[in-house]
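Asker: I am attaching a structure below and will ask some questions about it afterwards.
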Amino acid sequence: MIFLYLPRNIFRNKYNDLSDLKHLTGLCNIPASDITGILNMAAGFKKELTAANPSFEPSLQNKRIALVFFENSTRTRFSFEIAARYLGAGTLNFSASSSSVSKGESLSDTIKNLEAMRVDAFILRHPSSGAADLITQITSKNVINAGDGSHEHPTQALLDMFTLRDHFGKIEGLKVIIIGDVLHSRVARSNIYGLLTAGAKVGLCCPVTLMPPDADRLGVTLFTNLDQAIAWADTAIVLRLQLERATGGYLPSLEEYSVHYGLTDERLERVQKHLLVLHPGPINREIEISNNVADRIQPPGYSKSMLLEQVTNGVAIRMAVLQTLLAN
């Protein structure tokens with residue numbers, strides 16, 4: 001599946017005020033004020049989540065949310081379900097393999113049938129780019145994109161941004177390097193949009209075969225040398241290498257990719273850079289990231305891993321998104 005950067009106005013959200021936001025299919029052209037509002041709300045939720053006995057107002061009581069996942073997921077699916085339940089909403093779990101989709105039912109018919117059961121919102125993960133945006137055209141209910149093909153994964157980018165703001169106290173002016181398979185990554189796409197909107201400086205580092213063909217027009221800094229990228233950056237978002245790329249003609253081998261683009265202690269020591277490390281998961285250990293770098297949560301060292309912190313932040317962000325869209 002080819003990663004296509006479309007002009008930023010194609011998926012323009014119709015609702016520019018945070019109070020009027022109806023769908024979240026991507027961060028393309030979402031105003032900075034909306035992003036800040038969601039991050040601020042998530043900060044309040046996280047404070048309560050990390051308390052000894054979390055307690056939340058059931059603001060979404062009597063709401064029914066369908067988790068419509070056509071791809072496997074652990075972090076995204078469970079964090080949305082936990083977020084919904086904290087806010088008092090009921091959840092319906094949809095599995096394509098055990099549904100009428102296996103008999104040939106279309107995505108549109110699936111959504112229309114679920115809507116007829118009085119579902120209030122859809123959280124959709126789908127292998128086809130643009131699927132979430134399509135659903136907004138056929139339902140009056142709220143739609144949240146939990147990842148569609150190589151298009152976008154907005155809540156992952158929001159939780160990444162929240163993690164950075166929580167650690168550095170700001171996003172504006174930060175230098176964020178995104179490392180790995182940028183060409184096929186919906187996480188990279190949403191992070192580029194969101195981080196640039198919030199005032200960060202974004203860099204991309206990967207082999208030329210995994211760089212989007214129009215990357216030079218995105219307003220980002222491009223690197224093919226990982227040492228130079230790390231020296232430039234304040235923090236790194238390491239992308240999962242989709243292992244099939246090694247046999248798809250994009251890479252000579254996984255071993256060569258790991259040597260040149262794997263984030264390891266040895267590489268960080270060589271450039272002597274204290275780097276905050278994020279990863280959307282799941283991780284391929286000892287390929288795009290070493291065990292030590294992935295697991296280091298306490299300095300000293302040349303890096304600090306935020307992988308588990310991101311998971312906690314994912315619940316807070318998804319609570320904020322659900323509250324913003326459904327509580328109005």
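Asker: Any residue in the stretch 220-234 that is under 19 Å from the mean Cα position of the chain (by Cα), charged (D, E, K, R) and either assigned by TED's automatic domain parsing to the domain that holds Phe162 or at pLDDT 90 or above (or both)? Please lay out each step first, then the result.
Answerer: Taking the stretch 220-234 and keeping what is under 19 Å from the mean Cα position of the chain (by Cα), we get 220.
If we keep only those that are charged (D, E, K, R) as well, we get none.
No - not one qualifying residue is present in the stretch 220-234.
Asker: Please work out which one of (1) out of contact with any Ser or Thr (no Cβ under 7 Å at 6 or more places or on another chain); (2) at pLDDT 95 or above is the condition Asp214 fails and give its number.
Answerer: It is condition (2) that Asp214 fails.
Yes/no per residue for (1) part of a helix (DSSP H, G or I); (2) of a type in the set (A, V, I, L, M, F, W, C); (3) crowded, with 18+ Cβ neighbours inside 10 Å; (4) at pLDDT 80 or above:
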{"site": "Leu39", "(1), (2), (3), (4)": "yes, yes, yes, yes"}
{"site": "Phe45", "(1), (2), (3), (4)": "yes, yes, yes, yes"}
{"site": "Asn62", "(1), (2), (3), (4)": "no, no, no, yes"}
{"site": "Leu67", "(1), (2), (3), (4)": "no, yes, yes, yes"}
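Asker: Kindly indicate whether any position in the stretch 161-170 is assigned to a helix (DSSP H, G or I), assigned by TED's automatic domain parsing to the domain that holds His274, buried (at least 21 other Cβ atoms within 10 Å of the Cβ) and in contact with an Asp or Glu (Cβ under 7 Å, 6 or more places away or on another chain).
Answerer: Yes, there is a match, as at least one residue in the stretch 161-170 is assigned to a helix (DSSP H, G or I), assigned by TED's automatic domain parsing to the domain that holds His274, buried (at least 21 other Cβ atoms within 10 Å of the Cβ) and in contact with an Asp or Glu (Cβ under 7 Å, 6 or more places away or on another chain).
Asker: Here's something else I'd like to know. Taking the stretch 286-328 as the search range and keeping residues that are in a loop (DSSP other than H, G, I, E, B) and among the small types (Gly, Ala, Ser), which one is farthest from the chain's Cα centre (by Cα)?
Answerer: Applying the first criterion (in a loop (DSSP other than H, G, I, E, B)) to the stretch 286-328 yields 286-288, 290, 296-302, 306, 327-328.
Narrowing further to those that are among the small types (Gly, Ala, Ser): 290, 301, 327.
On the way: Ser290: 21, Gly301: 27, Ala327: 23 Å.
Among them, the one singled out is Gly301.
Asker: Right, next: State all residues of the stretch 42-66 that are in contact with a Leu (Cβ under 9 Å, 6 or more places away or on another chain) and of a type in the set (A, V, I, L, M); if no residue qualifies, say none.
Answerer: Ala42, Leu60, Ile65, Ala66
Asker: Check whether at least one residue in the stretch 160-169 is in contact with a Pro (Cβ under 9 Å, 6 or more places away or on another chain), within 28 Å of Ile230 (Cβ to Cβ) and in contact (Cβ under 8 Å) with a residue 12 or more places away in the chain, and report yes or no. Spell out the reasoning first.
Answerer: Within the stretch 160-169, the first condition is being in contact with a Pro (Cβ under 9 Å, 6 or more places away or on another chain), and the residues that meet it are 160.
Then drop every residue that is not within 28 Å of Ile230 (Cβ to Cβ), which leaves 160.
Filter again for in contact (Cβ under 8 Å) with a residue 12 or more places away in the chain, leaving 160.
Yes, the stretch 160-169 contains a residue that is in contact with a Pro (Cβ under 9 Å, 6 or more places away or on another chain), within 28 Å of Ile230 (Cβ to Cβ) and in contact (Cβ under 8 Å) with a residue 12 or more places away in the chain.
Residues are listed down the side, and each one gets a yes or a no for (1) closer than 24 Å to His126 by Cα; (2) polar (S, T, N, Q); (3) part of a loop (DSSP other than H, G, I, E, B):
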| residue | (1), (2), (3) |
| --- | --- |
| Ile178 | yes, no, no |
| Gln228 | no, yes, no |
| Ser258 | no, yes, no |
| Lys273 | no, no, yes |
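Asker: Mind checking which residues of the stretch 69-87 are farther than 23 Å from Leu107 by Cβ, buried (at least 18 other Cβ atoms within 10 Å of the Cβ) and of a type in the set (A, V, I, L, M)?
Answerer: Ala83, Leu87
Asker: Given (1) surrounded by 13 or more Cβ atoms within 10 Å (Cβ to Cβ); (2) more than 30 Å from Arg189 (Cβ to Cβ); (3) among the acidic types (Asp, Glu), identify the lone condition not met by Glu105.
Answerer: Going through (1) surrounded by 13 or more Cβ atoms within 10 Å (Cβ to Cβ); (2) more than 30 Å from Arg189 (Cβ to Cβ); (3) among the acidic types (Asp, Glu) one by one, Glu105 breaks only (2).
Asker: Consider only pairs whose beta carbons are under 9 Å apart and that are at least six residues apart or on different chains; among these, list those whose first residue lies in the stretch 42-63 and is over 14 Å from Ile317 (Cβ atoms) and whose second residue is charged (D, E, K, R) and part of a loop (DSSP other than H, G, I, E, B).
Answerer: Short answer, once both residue conditions are applied: Leu60/Asp120; Asn62/Asp120; Lys63/Asp120.
To keep it simple, each residue is scored yes or no on (1) assigned to a strand (DSSP E or B); (2) on the phi > 0 side of the Ramachandran plot; (3) within 12 Å of the chain's Cα centre (by Cα).
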| residue | (1), (2), (3) |
| --- | --- |
| Glu115 | no, no, no |
| Arg118 | no, yes, no |
| Ile123 | yes, no, no |
| Ser129 | no, no, no |
| Asp133 | no, no, no |
| Ile138 | no, no, no |
| Val143 | yes, no, no |
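The values are calculated or read from the model by the stated rules, or taken from the named source; none is laboratory data. Quick caveat: nothing in here was measured; it's all calculated off a predicted structure. All Cβ positions, even for glycine, are placed from backbone atoms using ideal geometry, and neighbour counts span all protein chains on display.
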